[in-house]
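Accompanying notes for the structure given below.
Rule-based calculations on the coordinates, nothing more; no lab input. Quick caveat, the model's predicted, so the values are computed rather than measured. Virtual Cβ from ideal backbone geometry, glycine too; neighbours counted across all protein chains shown.
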Amino acid sequence: MLSEHKIEKFSKEFETKTPQEIIEWAADRFCPYMAMSSSFQTQSMPLLHMATRIIPELPVLFLDTGYHFWDTLLFREKIAHEWGLNIIDLHRSSHWDSFARQYARSLPVEDPNLCCYLHKVQPMQKALKGYRAWISGIRRDQTSVRAKANFLELQEDGLLKINPLLNWTKNDVSNYIKEHELPQHPLYEKGYRSVGCAPCTIAIGVNDDERAGRWAGRGKVECGLHTSMFNTKDISESQSEFRLNATKTS
Ligand code: SF4
């Protein structure tokens, strides 16, 4: 395992490296104990493209929340087939089935933090237990939380999170898409600049912030995968962020 000093040192060096150089560095050290996550939206395509060309067998973790647009699922199937991807679907724990079914319609609206915790944070925590490193596609220009991220971030349980696109801008993403003629998510042209689950995504204007259509008007900008919520291993530690008391109702 890398020491905290080395993580800091590499993280600083990566400020001037290309995403491909960072992925190659990670592949040498961590494969086959490394995975990436992807939401298969248009902005995710460059990282998915470059990482799976460097490491064709790289496990690609996809959070199948049950709330995706059909367009996302069909697009995911098409890309998986055409690019020969090694996709692993992640689902919520069956422990929450009865609670999640009971509140299926209202949960994303009434308590999006809890909904994201059950459908995204917990399944990703569980899946990543088998890996030493996790490649994520966050960029500093996306949100104020992401603006403070580092290229390498050690999670509490020893997992190393690697953010190769951290310094890329929206323009870098579109340039890469054009240069490599990458396919776009089918909803992109309809104004869905950042596509998540259907109940929490709306179309936006061309001049709006890229993520303005996610949880619009609900005071939420992150699902929890890239915040301190990801480090909480017990639901009771995150309870203060929830409106519904899932421990009572499950
Ligand atoms: S994005 Fe919305 S529907 Fe998807 S898990 Fe989060 S709150 Fe639930």
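Structural remarks
- Put a plus charge on the Cβ of each Lys and Arg, a minus charge on the Cβ of each Asp and Glu, and nothing anywhere else: the dipole of the chain about its Cα centre is then about 420 debye.
- Since only PHE151, SER174, PRO56 are under comparison, the one whose Cα sits farthest along the positive direction of the charge dipole of region 4-236, derived from C-beta charges on Lys, Arg, Asp and Glu, is PHE151.
- Least to most buried among CYS31, CYS200 (fewest other Cβ within 10 Å first): CYS31, CYS200
- Lys/Arg +1, Asp/Glu -1 at C-beta; the chain dipole; positive extreme among SER194, PHE69, SER93: SER93
- In this structure, the residue pairs whose Cα-Cα separation is over 29 Å, taken from LYS9/LYS220; LYS6/LYS233; LYS178/LYS233; LYS170/LYS220; LYS6/LYS220, are LYS9/LYS220; LYS178/LYS233; LYS6/LYS220.
- Region 4-236 shape via C-alpha gyration tensor axes, a/c threshold 1.5: rounded
- Counted without the sites themselves, the longest stretch of the chain free of GluC sites (Glu not before Pro) in a DSSP loop having at most 11 other beta carbon atoms within 10 Å is 58-155.
- Helix-only mean residue ellipticity at 222 nm for the chain, each DSSP H run of n ≥ 4 adding -39500 (n - 2.57), per residue, nearest 500: -9000 deg cm²/dmol
- Spin-label model distance (nm) - ARG105 vs GLU57, 7 Å beyond Cα toward Cβ: 4.7
- Within region 98-182, the trypsin sites (Lys or Arg not before Pro) that combine a DSSP coil assignment with at most 14 other C-beta atoms in a 10 angstrom radius are ARG105, LYS129.
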